[in-house]
Amino acid sequence: MENFEYYNPVKVVFGANTLDQIGTHAAQYGKKAMIVTYVKCVYFDSVIETIKKSLAEAGVACIDFHGITANPKVSQVEQGVQLCKENGIDLLIGLGGGSVIDATKVIAAGVYYEHEISRMLMLSHSDVTSISPEKALPYIAVPTLAGTGSEMNPIGVITDDATGKKSYVWAPGCLYAKAAIMDPTLTVGLKPYQTACGALDIFAHVMEAYINGDPETNLTLHDHMQEGVMKAALEGLEQVWANPADVQARGVLMWAASVALNGWLLSGTFAFTPMHQCGHVLSAKYNATHGATLCCMMIAWMRYFVNRPDNAKYVKLAQNVFGCSLAEAADKLEQIALAKGVQTRISEFGVTEDALEEITDMVVSVSFGPDGKLNGHPKMTREDILACFRLSM
């Protein structure tokens, strides 16, 4: 294993009906909160009332910001920052999936940021000009979807309105949540499609770590941990699919999402996320659901590596997680997704053959390094990415 330092300061409050405790936790960090959530979501009305009641009992005032969409934009963050400044907000509460929690992080940093918000974003890995934030308002994450794991990491993914590029802000010095209220009952009312996309997002996070970890190191511990979380994500999805009210199974998915990206599975083996880089382009350009874009790319990636000589980790993934060959594993993953109504081909998002060169160039522009390649094991060239997009049509 590589040498590493591990740090994750997020207080996790996990379990059914733990949302009722949010006021107690919020009072430790502020006196006036802003609840950040989606532009329009009637489903959250009763949840927001629960939050407001708990805050009031703890002496914490609050206002609402219903301003975030899926694949959130810099302009939405700017609106949130303005509201914070106008209302003397000293605490944020992000209520929603990864889009809301990511936007909450960037709003929290934006209150103190001296540059344009877009300067936070890593819009180019080959010519880095981004400036990471150094200070942020405290925030509490309340995930309502098991998927991104944003509640336990210091990363916010945002789309820049001006360029249409989707990338991330990474600031471990200030972007960790103070607390994550992880109440699996909040996911019971999700549409089946959203639940499935979330589970596939969990799977993708771990799969990318698995196949892109340091190939020179024997990481049996990591492999077993990662294989276990991948299996748990797929098994949890099947259990919830059979019984949407199964809070225990939903809790497994919620915790698996956090574990996938809270650093446990990566300590000692840094891993890259090339499939995510492709998925970000698809969600930014076509407003496609994040987990669905990853599903398409995972299947294409597996098929692309079927006959390559550098596919040992892919073969191991297929054997240990799916119990079959790599080609069969790609088919199995596609069958799982199709059975849940999740797209498996990027043409379903509106991608045409004529657009493949353009979206490949978008990946190159944002995510390729100074060496002209996309990081991973092995590194991918522009031709590799184009070939994967073609396979995903």
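If you go through segment 198-220 and pick out every residue that is free of Cβ contacts under 8 Å to residues at least 60 places away in the same chain, in a helix (DSSP H, G or I) and either open to solvent by 30 Å² or more (accessible area, probe 1.4 Å) or among the small types (Gly, Ala, Ser) (or both), you end up with 1. Listed by position, the strands (runs of 3 or more DSSP E) inside segment 69-185 whose residues that are closer than 22 Å to VAL281 by Cβ number at least 3 are 155-159, 166-170. Within segment 344-371, residues that are closer than 18 Å to ARG303 by Cβ and basic (Lys, Arg) sit with their Cβ atoms under 9 Å from residues that are open to solvent by less than 40 Å² (accessible area, probe 1.4 Å) and not in a helix (DSSP H, G or I), at 6+ positions apart or across chains, in these pairs: ARG345/VAL351; ARG345/SER392. Of GLY80, GLY94, all but one fail to be touching a helix residue (DSSP H, G or I) at 6+ places or on another chain (Cβ under 6 Å) and either under 19 Å from GLY147 (Cα atoms) or surrounded by fewer than 20 Cβ atoms within 10 Å (Cβ to Cβ) (or both); the exception is GLY94.
Is it the case that GLY291 is in contact with a Gly (Cβ under 7 Å, 6 or more places away or on another chain), of a type outside the set (A, V, I, L, M, F, W, C) and touching a residue at least 24 places away in the same chain (Cβ under 8 Å)? The answer is yes for GLY291. Among residues of segment 344-393 being open to solvent by less than 30 Å² (accessible area, probe 1.4 Å) and among the polar types (S, T, N, Q), the one that is nearest to GLY213 (Cα to Cα) is SER367.
Can you tell me which residues in segment 104-129 are within 11 Å of ILE158 (Cα to Cα) and hydroxyl-bearing (Ser, Thr, Tyr)? Within segment 104-129, THR104, SER118 meet the criteria. Tell me, which residue of segment 326-343 that is of a type outside the set (A, V, I, L, M, F, W, C) and free of Cβ contacts under 8 Å to residues at least 12 places away in the same chain is least open to solvent (accessible area, probe 1.4 Å)? That would be ASP331.
The values are calculated or read from the model by the stated rules, or taken from the named source; none is laboratory data. For clarity, every value in this text was computed on a predicted model and none was experimentally measured. In this analysis, Cβ positions are derived from the backbone assuming ideal geometry, glycine residues included, and neighbour counts consider all displayed protein chains. Note: areas computed on protein heavy atoms with side chains; ligands, DNA, RNA excluded. Shrake-Rupley method; radii C 1.70, N 1.55, O 1.52, S 1.80 Å.
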